[in-house]
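The values are calculated or read from the model by the stated rules, or taken from the named source; none is laboratory data. Bear in mind the structure is a predicted one, so any value in this text is a computation, not a measurement. Please note: Cβ atoms are built from the backbone with ideal geometry, for glycine as well, and neighbour counts cover all protein chains shown. Side chains are part of the model used for accessible areas, which takes the heavy atoms of the whole protein and leaves out ligands, DNA and RNA. Shrake-Rupley method; radii C 1.70, N 1.55, O 1.52, S 1.80 Å.
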Amino acid sequence: MSLNNTPREPFRLPRIGQRITKTALAVFLCLLVFHLRGIQGAALSSEACITAIICLQPYVRDTREFSVNRVAGTLVGSFWGLLFLLICLVFPQIGDYRLLLYVMMAVGVIVSLYTTVVMRMPDASSLAAIVFICIVIAFPEIESPLEQAFYRISDVLLGTFMAIAVNVFRLPRDKNRNLVFFLRTKDLAPNRFSQIPSAALFRLNYLLNDGARICLMSEHAPAFFALQMSQIVMDGAAIYDANENRYLYAETIRPENSIWLRDYLDKLGASYFIYTIHNNKTCIFHQGRMNEAEKLVYDRMRRSPYRSYLDGEVYRNEELVYFKIIDLDDNIQLLHQKLHHLLRDQNLRSVIRPQSDAPGVSGLYIYSTQANNRRAQNKLMQMLHAKNPELEDVRVFLPGTYQNESDAMHLLNTVVNYYEPLKIKRWFKRKKQ
């Protein structure tokens, strides 16, 4: 009996990705070449298709690396395999002594593996041994062994060529450089302490380096994500530009409201963090006596080099961006009930978020009512429109939040489809219009 009452995610079939499609295309092209050569049925060789499947990798650079290893391993194994067959043809009596024949084959495997090590290509070693065995294994029950060996070599080279050709070839695409994409950080990584998965990060950096305009919407300060993104909207409270290393905009709490809130929290005996922006840096001040729940989160947060925790009074009340109160879930709920109506009268809004790094602990975040994602997005678009009036915004969100790496890749593939649509798609749209 399971003690976990968390509802299961509904099962959904993953979509057929580009690698699957490209692999099938490479295999088809190999079979098509055989067909054009008049080779059919039992005469078909699987070596070319197997090579295409092995060599075709998600990214071109990986396909090239695998292909180089495959070709090198094929040439090394073929060389020693042909030499083995030549020796056996010169001394045909070797075939009568099966034990000697098998010992020679084993020695040939050693030589093939050692050759790749000497060539400093260890990744090709297993391929060299496999090709060697494939060439010599049927001796002496094969006709025209040298001819069969050459066919095998040509099949491997055919599969390698098809894998490279299919992966390098790209259908013509347009570039929508007038689109600004808004993505949520919680759709790219499970929490603020987790890095974006490597495959998703590769795709993200490809888009950024190619000129795509991407803005991340985060519930927290920029921190780790600031090193990877162009702009970050901090839960509607601020917009940070990582390229220029500065805040473009901040919706701070009015001084009279922040003074009222600090006085009220001090009367309750609550401890809290105050997030401010000073000289384009996020500075975090702590007020009151730190409770156990706060210390649990603080001890982990303060290790980050991207956050500045300071002691003493805040610099200026007009620079306060938001307040954060950390405590056990029940305590936060009680405090939220007390503050809810009072905050609204002070033009403040609040939201409760569980702390992913501390089970049973929640944070109460208090912002200005003017600090919201929609307003921040509009502010950013106004800034960008001042330079390029033709820009359009696109909000790409997952229906839920991050579950695994495939979710992040699905989100970024959607961005790619918007940013780089196939020219044929645009042609069909024009025809319909």
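If you check Lys387, Lys324, Lys423, Lys338 for being at negative phi, open to solvent by 80 Å² or more (accessible area, probe 1.4 Å), of a type in the set (Lys, Arg) and modelled with pLDDT of 85 or more, only one passes: Lys338. Within region 9-49, the set of residues being more than 19 Å from Leu412 (Cα to Cα), at pLDDT 75 or above and open to solvent by 80 Å² or more (accessible area, probe 1.4 Å) comprises Leu25, Phe28, His35, Leu36, Arg37, Gln40.
Do we have Ser258 as open to solvent by less than 90 Å² (accessible area, probe 1.4 Å), touching a Cys at 6+ places or on another chain (Cβ under 8 Å) and not basic (Lys, Arg) here? No: the conditions fail for Ser258. Restricting attention to region 353-386, report how many residues are assigned to a loop (DSSP other than H, G, I, E, B) and touching a helix residue (DSSP H, G or I) at 6+ places or on another chain (Cβ under 9 Å). Qualifying residue count, region 353-386: 5.
Scanning region 344-370 for residues that are within 30 Å of the chain's Cα centre (by Cα) and aliphatic (A, V, I, L, M) yields a total of 4.
If the condition is being more than 23 Å from Asn191 (Cβ to Cβ) and surrounded by 14 or more Cβ atoms within 10 Å (Cβ to Cβ), then region 306-321 contributes Leu310, Val314, Tyr315, Asn317, Glu319, Leu320.
Going through region 121-140 one residue at a time, which ones are aliphatic (A, V, I, L, M) and within 38 Å of the chain's Cα centre (by Cα)? Selection gives Met121, Ala124, Leu127, Ala128, Ala129, Ile130, Val131. Taking region 341-379 as the range and being surrounded by fewer than 13 Cβ atoms within 10 Å (Cβ to Cβ) and among the small types (Gly, Ala, Ser) as the test, only Gly360 passes. Checking each residue in region 60-72 for being at pLDDT below 85 and either open to solvent by less than 50 Å² (accessible area, probe 1.4 Å) or in contact with a Pro (Cβ under 9 Å, 6 or more places away or on another chain) (or both) picks out Val60, Asp62, Thr63, Ser67, Asn69, Arg70, Val71.
Would it be correct to say that Leu268 is in contact (Cβ under 8 Å) with a residue 40 or more places away in the chain, more than 20 Å from Asp357 (Cβ to Cβ) and either touching a helix residue (DSSP H, G or I) at 6+ places or on another chain (Cβ under 6 Å) or open to solvent by 60 Å² or more (accessible area, probe 1.4 Å) (or both)? Yes, satisfied. Has region 399-419 got any residue that is of a type in the set (D, E, K, R) and in a strand (DSSP E or B)? There is no residue in region 399-419 that is of a type in the set (D, E, K, R) and in a strand (DSSP E or B). Is there a residue being surrounded by 13 or more Cβ atoms within 10 Å (Cβ to Cβ), among the small types (Gly, Ala, Ser) and either in a strand (DSSP E or B) or in contact with a His (Cβ under 9 Å, 6 or more places away or on another chain) (or both) anywhere in region 282-305? Checked against the condition, which is being surrounded by 13 or more Cβ atoms within 10 Å (Cβ to Cβ), among the small types (Gly, Ala, Ser) and either in a strand (DSSP E or B) or in contact with a His (Cβ under 9 Å, 6 or more places away or on another chain) (or both), region 282-305 yields no hits at all. Screening region 116-212 for helices (runs of 4 or more DSSP H) wholly inside it with 2 or more residues that are farther than 21 Å from Ile54 by Cα, open to solvent by 60 Å² or more (accessible area, probe 1.4 Å) and touching a Phe, Trp or Tyr at 6+ places or on another chain (Cβ under 7 Å) returns no ranges. Can you go through Val90, Val103 and tell me which one is at pLDDT 90 or above, farther than 20 Å from Thr51 by Cβ and over 44 Å from the mean Cα position of the chain (by Cα)? Only one candidate passes the filter, namely Val103.
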